[in-house]
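Have a look at the structure below, then the notes.
Any read-out appearing in this document is the output of simple, stated calculations on the displayed coordinates, not a laboratory observation. All values derive from a computational prediction rather than experimental measurement. Here Cβ is always computed from backbone atoms with ideal geometry, including for glycine, and neighbour counts include all displayed protein chains.
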Amino acid sequence: MERFYLHPLVIYKVVAHYMGWYQHLDSLLDTCKDWKFTYSKTGWNNSFLSVAWLKHFDKITKARLRSLQQYRFLIIDGCEIHIHIKFIEYCIANRIVAYCLPSHTTHLL
């Protein structure tokens with residue numbers, strides 16, 4: 001089985017994007033070209049961003065499937081931002097099995 005990793009979703013704590021944030025990435029362009037950048041007022045994930053990240057996960061992992069009938073297994077923190085209807089509906093529609101660990105414990109597990 002071939003190993004691979006998902007590129008990170010970096011969340012800035014601001015109210016709007018600023019293109020200057022990415023200038024320092026020029027030297028890392030090959031490494032960072034598939035990274036995703038977004039923002040939120042708090043700097044934390046939220047229900048909107050969790051679905052955006054799920055779509056990123058879907059796009060990257062779907063390309064690696066041998067058949068579109070296969071399922072993907074996603075292990076996530078069980079906090080409330082992942083347990084909402086849009087997230088769950090997207091998982092069902094796209095053959096993603098989301099396994100929720102106990103809330104706020106992934107750093108321990």
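What the table shows:
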{"item": "Order of ARG64, ARG95, ARG72 under a 10 Å beta carbon neighbour criterion, fewest first", "result": "ARG64, ARG95, ARG72"}
{"item": "Amide H contacts of TYR39 (H built 1.01 Å from N, under 5 Å, at least 5 apart or other chain)", "result": "TYR12"}
{"item": "Whichever lysines have a C-alpha closer than 24 Å to that of LYS86, once near sequence neighbours (fewer than 8 apart) are set aside", "result": "LYS13, LYS36, LYS41, LYS55, LYS59, LYS62"}
{"item": "Contour excess over end-to-end distance, with Cα ends at LEU6 and ARG95 and 0.36 nm allotted per residue", "result": "30.3 nm"}
{"item": "Of the chymotrypsin sites (Phe, Trp or Tyr not before Pro) in the stretch 32-84, those whose Cβ has at most 11 other Cβ within 10 Å and which sit in DSSP loop", "result": "TRP44, TYR71"}
